[in-house]
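> Please find one structure pasted underneath; my questions will follow.
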Amino acid sequence: MAAVSLHQAFGAIQTHGFCNESGSQQRFGNFSVKLVSKGFGVDVRLLKRGSCSSSDWKLHVIQASTSSTSVADPVSSPSNNNINDSRKKSSETALILIRHGESLWNEKNLFTGCVDVPLTKKGVEEAIEAGKRISNIPVDMIYTSALIRAQMTAMLAMTQHRRKKVPIIMHNESEQAKAWSQIFSEDTKKQSIPVIAAWQLNERMYGELQGLNKQETADKYGKEQVHEWRRSYDIPPPNGESLEMCAERAVAYFKENIEPQLLSGKHVMIAAHGNSLRSIIMYLDKLTSQEVISLELSTGIPMLYIFKEGKFIRRGSPVGPTEAGVYAYTRSLALYRQKLDEMMSH
Ligand SMILES: O=C(O)[C@@H](CO)OP(=O)(O)O
């Protein structure tokens with residue numbers, strides 16, 4: 001975090017808070033002030049309680065930008081001396097997991113697996129609701145499976161996000177697709193969120209159960225057999241993938257592609273499926289193959305993890321902006337939300 005004295009850094013100051021420019025001796029806690037200097041909008045926080053003697057002020061620089069309307073992303077503004085380098089040294093990043101909203105085959109109670117079925121109207125509503133819950137959590141990158149129900153969920157959820165960045169699907173499937181979808185403005189790029197679709201995050205392949213009715217299958221093969229196919233760790237359904245096989249690709253993808261992004265300071269959202277997410281959660285929460293049997297994920301409920309010092313800390317499901325109990329928030333996330341509130345009130 002950059003600690004600079006007020007006079008060192010800026011000439012004119014406008015404060016929003018308890019202090020005024022005359023430097024009265026009021027006591028105060030952390031609050032945001034806006035410095036305007038040489039046409040640059042710079043948001044800062046006071047480092048510690050103290051007097052308003054401006055020469056003594058130590059300031060936390062949250063973000064400097066040339067645009068007064070740009071949103072400071074306080075979560076990615078960590079303790080280091082170089083604001084341009086802030087992202088790399090971010091001390092914590094957010095990881096959001098969302099199982100897709102209800103699909104047309106969930107509604108019909110059919111085994112779906114890798115069949116590419118869209119959301120129902122209820123699923124669309126669930127995705128929007130999920131979006132409200134995460135509307136204050138920073139998102140820099142989105143990973144989805146290659147299946148439309150996960151992609152619809154991610155996109156619908158992002159319609160609710162207060163940061164208003166634009167999610168853009170990356171097309172790297174061929175050189176031409178890559179070339180033809182290039183963006184030629186750095187500013188526009190900064191206001192967008194890359195969306196990466198990866199088949200490795202697809203639902204577990206359900207083999208010869210795909211398209212069959214779950215109840216009828218249980219009636220035919222017995223409840224226990226079907227439960228074993230659906231929830232055991234290492235028993236695959238006929239010609240399909242076990243959870244273990246699904247984990248081999250989904251968790252490997254997570255480790256190779258997503259973890260490095262979190263490590264580099266990016267906040268990530270993953271929209272995927274009941275079983276591909278169960279396998280990832282098994283890894284994040286260090287569940288045993290016995291414990292994962294009883295792990296059930298509801299459609300459209302976002303889960304939040306904080307990645308800090310190489311560890312994943314489960315924070316529960318974020319609540320919406322109107323709800324009081326923001327138990328999911330860390331201090332950094334609360335700051336990010338505060339920033340968004342400030343942006344909205346301007
Ligand atoms: O049909 C599927 O693809 C999955 C998720 O809906 O079923 P299960 O409930 O057995 O995980």
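> In the set N257, N239, which member is within 15 Å of the ligand (Cβ to nearest atom) and either surrounded by fewer than 12 Cβ atoms within 10 Å (Cβ to Cβ) or in contact (Cβ under 8 Å) with a residue 40 or more places away in the chain (or both)?
Only one candidate passes the filter, namely N239.
> Filter the stretch 95-119 for residues that are open to solvent by less than 10 Å² (accessible area, probe 1.4 Å) and either more than 16 Å from the ligand (Cβ to nearest atom) or free of Cβ contacts under 8 Å to residues at least 24 places away in the same chain (or both) and give the result.
Selection gives L95, I96.
> Now a separate question. Determine whether the stretch 212-222 contains at least one residue that is among the polar types (S, T, N, Q), out of contact with any helix residue (DSSP H, G or I) (no Cβ under 8 Å at 6 or more places or on another chain), within 13 Å of the ligand (Cβ to nearest atom) and open to solvent by 60 Å² or more (accessible area, probe 1.4 Å).
yes
Conditions tested, residue by residue: (1) among the hydrophobic types (A, V, I, L, M, F, W, C); (2) in contact (Cβ under 8 Å) with a residue 24 or more places away in the chain.
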site	(1), (2)
A150	yes, yes
M158	yes, yes
R163	no, yes
I183	yes, no
I193	yes, yes
I196	yes, yes
Q200	no, yes
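> So L209 clears everything in (1) of a type in the set (A, V, I, L, M, F, W, C); (2) without any contact (Cβ under 8 Å) to a residue 40 or more places away in the chain; (3) within 16 Å of the ligand (Cβ to nearest atom) except one condition, right? Which one?
Among (1) of a type in the set (A, V, I, L, M, F, W, C); (2) without any contact (Cβ under 8 Å) to a residue 40 or more places away in the chain; (3) within 16 Å of the ligand (Cβ to nearest atom), L209 violates only (2).
> Another question, then. Between a residue in the stretch 328-339 that is within 17 Å of I96 (Cβ to Cβ) and any residue that is among the acidic types (D, E) and modelled with pLDDT under 80, which pairs come within a Cβ distance under 7 Å, given they are 6 or more apart or on different chains?
Here the result reads Y336/D73, each pair linking the stretch 328-339 to a residue that is among the acidic types (D, E) and modelled with pLDDT under 80.
> Tally up the residues in the stretch 223-236 that are open to solvent by less than 20 Å² (accessible area, probe 1.4 Å) and away from the ligand (no atom under 13 Å from the Cβ), please.
Going through the stretch 223-236 one residue at a time, the tally reaches 0.
> Can you tell which of L287, L277 is more than 17 Å from T93 (Cβ to Cβ), touching a residue at least 12 places away in the same chain (Cβ under 8 Å) and of a type in the set (A, V, I, L, M, F, W, C)?
Criteria check complete, one pass: L277.
> Looking at this structure, is Y283 open to solvent by 30 Å² or more (accessible area, probe 1.4 Å) and either touching a Leu at 6+ places or on another chain (Cβ under 8 Å) or of a type in the set (F, W, Y) (or both)?
yes
The values are calculated or read from the model by the stated rules, or taken from the named source; none is laboratory data. Since the model is a prediction, treat every value here as computed from it, not as a measurement. Ideal geometry is used to build each Cβ from the backbone, glycine not excepted, and the neighbour counts take in all protein chains shown. Each accessible area value is taken on the protein alone, full model and side chains, heavy atoms only, with ligands, DNA and RNA left out. Shrake-Rupley method; radii C 1.70, N 1.55, O 1.52, S 1.80 Å.
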